[in-house]
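Asks: Before we start, here is the structure in question, set down as structure tokens.
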Amino acid sequence: MTTPTDERARADFIREIIAADVRSGKHDTVVTRFPPEPNGYLHIGHAKSIGLNFGVAREFSGRCHLRFDDTNPTKEEMEYIESIERDVRWLGYDWGEHHYHASDYFERLYEWAVHLVREGKAYVDDLSADEIREHRGTLTEPGKDSPWRSRSVEENLDLLGRMRQGEFPDGARVLRAKIDMASGNINMRDPVLYRILHASHPRTGDAWCIYPTYDFTHGQSDAIEGITHSLCTLEFEDHRPLYDWFLDNLPVPSRPRQIEFARLNLSYTVLSKRRLLQLVREGHVRGWDDPRMPTISGIRRRGFPPKAIRDFTEMIGIAKRDSVVDVAMLEHCVRDVLNQEARRGFAVLRPLKVVLENFPEDQVEELEAVNNPEDPGAGTRTVRFSRELYIEREDFMEEPPRKFYRLAPGREVRLRYAYFITCQEVVKDEAGEVVELRCTYDPATRGGDAPDGRRPKATLHWVSGAHAVSAEVRLYEHLFTRPDPGADGDFAADLNPKSLEVVEGCLLEPALAEVPAGETVQFERLGYFCADPDSTPDRRVFNRTVTLRDTWAKIQARTGGPTKA
RNA sequence: UGGGGCGUGGCCAAGUGGUAAGGCGCGGGGCUUUGGACCCCGGAUCGAAGGUUCGAAUCCUUCCGCCCCAGCCA
């Protein structure tokens with residue numbers, strides 16, 4: 001119920017514009033597009049754009065195209081195309097038949113380039129990249145016209161044709177629009193339309209050796225596909241005059257409108273391709289799908305449900321203000337979904353042995369446990385109980401501080417779905433470390449209720465020693481120690497050395513050993529955990545997706561109390 | 001001394017002249033066989049200063065702050 005339903009998404013300024021366009025009859029079908037460049041992995045920031053574009057399309061009964069902006073063969077690869085498709089699908093979106101590539105339009109784009117040349121609105125420039133930069137001027141000074149700016153149409157046509165034929169080496173010449181070298185908007189100072197790149201393209205192979213730039217491609221691609229609203233991030237706001245210039249000066253079949261919104265920033269997280277790549281290359285994480293990564297593949301492996309990502313993208317809204325969303329909001333969405341859907345089980349991460357002195361040596365009892373208190377339909381399961389059990393080390397304290405109400409010497413607690421037990425004796429090793437608890441159980445409390453109405457302050461999870469399955473559990477914390485990594489310089493210096501803790505020798509109730517890789521379950525009282533693909537039949541591996549809200553941890557943090565155990 | 005944007009509670013974010021929604025977080029309390037979930041309660045005068053108006057976060061003026069742009073990247 002805290003989850004916004006898909007149909008009721010908030011009307012942000014973009015949806016308002018679109019709604020108005022529909023109302024006025026400007027468009028009868030709303031068409032959007034998600035236009036990734038296939039040069040990297042998708043991350044949570046892309047999810048915001050995906051959620052917006054596909055969400056808008058669905059809300060207005062329109063459609064959303066998936067279009068790869070593959071205009072730079074030196075950076076793009078087929079591998080990325082596949083991972084992007086998989087990630088968008090996993091997020092729960094469907095582009096139907098509308099799967100395109102900017103490279104599908106290369107021929108048409110070229111014709112349009114010729115058109116501009118014929119109109120005297122584009123020219124071939126022989127200046128080098130450095131010279132072009134020098135001529136461009138600065139932010140406060142106007143640029144200077146290239147000496148090649150006034151070539152004849154015939155010469156430009158000839159040169160452009162020869163560029164295409166491959167007569168010139170990379171960088172020898174470019175095709176530029178003839179707009180205004182004195183414009184305050186640098187994008188309008190005769191932007192480059194085509195560059196020579198003798199590179200093989202993932203899709204068009206060696207058919208081309210000149211490739212259109214983003215600016216000369218995006219708007220026209222939108223127009224070709226009949227995109228009505230082209231939604232992009234703020235840094236393209238400066239490009240809009242150029243986007244419109246092409247639409248104004250070319251015989252395009254439709255008139256899309258570009259609207260910009262603020263990209264996502266997340267606290268304790270880094271989202272630029274460059275930084276993400278650096279994390280992988282320098283080995284700060286185990287790969288693109290490391291569960292600590294904000295990539296869609298990392299998030300998936302971590303155990304975040306796609307629904308949580310969708311909820312999150314709706315919850316954060318769309319606006320033009322630069323902002324940093326608290327990662328706690330994402331975690332909230334994850335817990336919200338998992339609380340509803342994840343089945344529960346008992347797992348003890350750091351086992352402490354408990355021997356029930358008054359429980360028969362070889363007896364095993366079967367008790368009934370609820371699989372998901374939020375979902376009666378999930379049913380129940382049987383858990384086995386015996387004389388030797390294990391509880392969480394941190395659930396016992398020999399000298400309990402004021403607000404600690406779990407197990408302690410002489411204290412009685414409830415073992416969930418089982419019995420009340422009382423700690424009678426603490427066994428330590430030579431080092432003085434607690435290695436075992438001798439306890440007694442109350443046979444009258446079977447199932448967890450006392451006939452006399454006694455109610456222990458605490459209920460603990462546990463596993464039966466004879467039946468438990470061991471596992472490795474990977475505990476994650478934020479990858480960075482501060483909300484704004486890199487604000488003081490090198491973001492790598494803000495890496496959290498404790499972002500990954502591998503705990504071996506964890507004990508699972510048998511049912512948890514069956515959880516298939518990719519499924520997320522709740523380890524009661526601890527958090528949500530996702531079975532990792534690294535799991536093998538004799539080595540179960542789980543990733544902690546997110547902890548449960550932990551009031552006790554907060555109290556400890558506040559009182560500065562150390563976490564014994 | 002260029003151009004384009006943005007400034008509402010700790011973080012997101014509604015509000016479009018009529019007297020500040022909601023969410024996250026945080027702090028209280030209730031309930032509880034997860035110190036989970038769930039349920040209550042608690043906080044802003046809207047970057048600043050002027051002005052217009054019966055009335056302004058919403059209109060005007062000035063100022064301050066922050067972000068983006070000088071790739072043949074997207």
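The values are calculated or read from the model by the stated rules, or taken from the named source; none is laboratory data. Since this is a predicted model, take the numbers as computed values, not measurements. Glycine gets a Cβ as well: all are built from the backbone with ideal geometry, and neighbour counts include every protein chain shown. Calculation scope for accessible area: heavy atoms of the full protein, side chains included, ligands and nucleic acids excluded. Shrake-Rupley method; radii C 1.70, N 1.55, O 1.52, S 1.80 Å.
Asks: Taking the solvent-accessible surface of protein heavy atoms with a 1.4 Å probe, what is the per residue accessible area of chain A in Å²?
Replies: Spelled out: the 1.4 Å probe surface of chain A, per residue, equals 45 Å².
Asks: Here's another thing I want to ask about it. To the nearest 10 Å², what's A:Met78's accessible area with a 1.4 Å probe?
Replies: So the heavy atoms of A:Met78 present about 90 Å² to solvent.
Asks: Based on the alpha carbon coordinates of segment A:31-170, what radius of gyration and maximum Cα-Cα distance (Dmax) apply, in Å?
Replies: 19.8, 53
Asks: So how far apart, in nm, are the two label points at A:Arg275 and A:Arg350 if each is 7 Å from Cα heading toward Cβ?
Replies: Modelled inter-label distance: 3.1 nm.
Asks: Something else about it: How large, in Å, is chain A by the Kirkwood hydrodynamic radius built from its alpha-carbon pairs?
Replies: In chain A this quantity evaluates to 27.6 Å.
Asks: Would you mind checking the tilt of helix A:44-59 against the longest principal axis of the Cα atoms of chain A, expressed as 0 to 90 degrees and rounded to 10?
Replies: It is inclined by approximately 80 degrees.
Asks: Right, here's the next one. Given that compact globular proteins tend to follow 2.2 N^0.38 Å, what is the ratio of the alpha-carbon Rg of segment A:483-565 to that value?
Replies: Values: Rg = 16.5 Å, N = 83, 2.2 N^0.38 = 11.8 Å.
Scaled against compact globular proteins, the figure is 1.40.
Asks: Suppose the chain between A:Tyr214 and A:Val427 were pulled fully straight at 0.36 nm per residue; how much longer would it get relative to their current alpha carbon spacing?
Replies: So the chain would gain 69.6 nm between A:Tyr214 and A:Val427.
Asks: What part of the accessible area of segment A:1-160, given as a whole %, is carbon or sulfur when the probe is 1.4 angstrom?
Replies: 47
Asks: Explain nothing, just the number: dipole magnitude of segment A:68-124 about its Cα centre with +1 on each Lys and Arg Cβ and -1 on each Asp and Glu Cβ, in debye rounded to the nearest 20.
Replies: Taking the Cα centre of segment A:68-124 as origin, the dipole is about 360 debye.
Asks: Cut-off under 23 Å on the C-alpha distance; same-chain residues fewer than 8 positions from A:Lys320 excluded. Which lysines are left, in chain and number order?
Replies: A:Lys48, A:Lys273
Asks: Sticking with this one: Give the whole-number value, in cubic angstrom per residue, of the convex hull volume spanned by the C-alpha atoms of segment A:206-292.
Replies: 169
Asks: Carbon and sulfur: what percent of segment A:346-397's accessible surface (1.4 Å probe)?
Replies: Details: 890 of 2290 Å².
Solvent-exposed carbon and sulfur of segment A:346-397 make up 39 percent of the total.
Asks: Return the long-range amide H neighbours of A:Leu231 (sequence gap of 5 or more, or a different chain), with a cut-off of under 5 Å between placed amide H atoms.
Replies: So A:Leu231 has HN proximity to A:Arg33, A:Ile259.
Asks: I want the local charge near A:Arg136. Using Cβ-Cβ distances under 9 Å, sum +1 for each Lys or Arg and -1 for each Asp or Glu among the other residues.
Replies: +1
Asks: May I pose another question? Let me have the relative contact order for chain A, percent, based on Cα pairs under 8 Å that are six or more residues apart.
Replies: Computed over chain A, the figure is 11 percent.
Asks: What are the extents of the Cα atoms of segment A:126-166 along their three principal axes, listed from largest to smallest and rounded to whole Å?
Replies: Taking max minus min along each principal axis of the Cα atoms, segment A:126-166 gives 37, 20, 12 Å.
Asks: Next question, about the same structure. Hey, what angle do you get for helix A:13-23 against the long axis of chain A, alpha-carbon based, 0 to 90 degrees rounded to 10?
Replies: Taking Cα atoms only, the helix is inclined about 60 degrees.
Asks: Next question. For A:Leu415, enumerate residues with amide H under 5 Å from its amide H, sequence gap 5+ or separate chain, H modeled in the peptide plane.
Replies: A:Phe420, A:Ile421, A:Leu460
Asks: Here's something else I'd like to know. If I stretch the segment between A:Tyr405 and A:Thr29 completely, what's the gain in nm (0.36 nm per residue apart, minus their alpha carbon distance), one decimal?
Replies: Taking 0.36 nm per residue and subtracting the Cα distance, the gain is 129.3 nm.
Asks: Name the residues whose placed amide hydrogens come within less than 5 Å of the amide hydrogen of A:Arg540, ignoring near sequence neighbours (fewer than 5 apart) on the same chain.
Replies: A:Glu472
Asks: Right, another one. Magnitude of the Cβ-charge dipole of chain A, K/R +1 and D/E -1, about the Cα centre, nearest 20 debye?
Replies: 1180
Asks: How far, in degrees from 0 to 90, does helix A:153-165 lean away from the longest principal axis of the Cα atoms of chain A, to the nearest 10?
Replies: The angle comes out at about 40 degrees.
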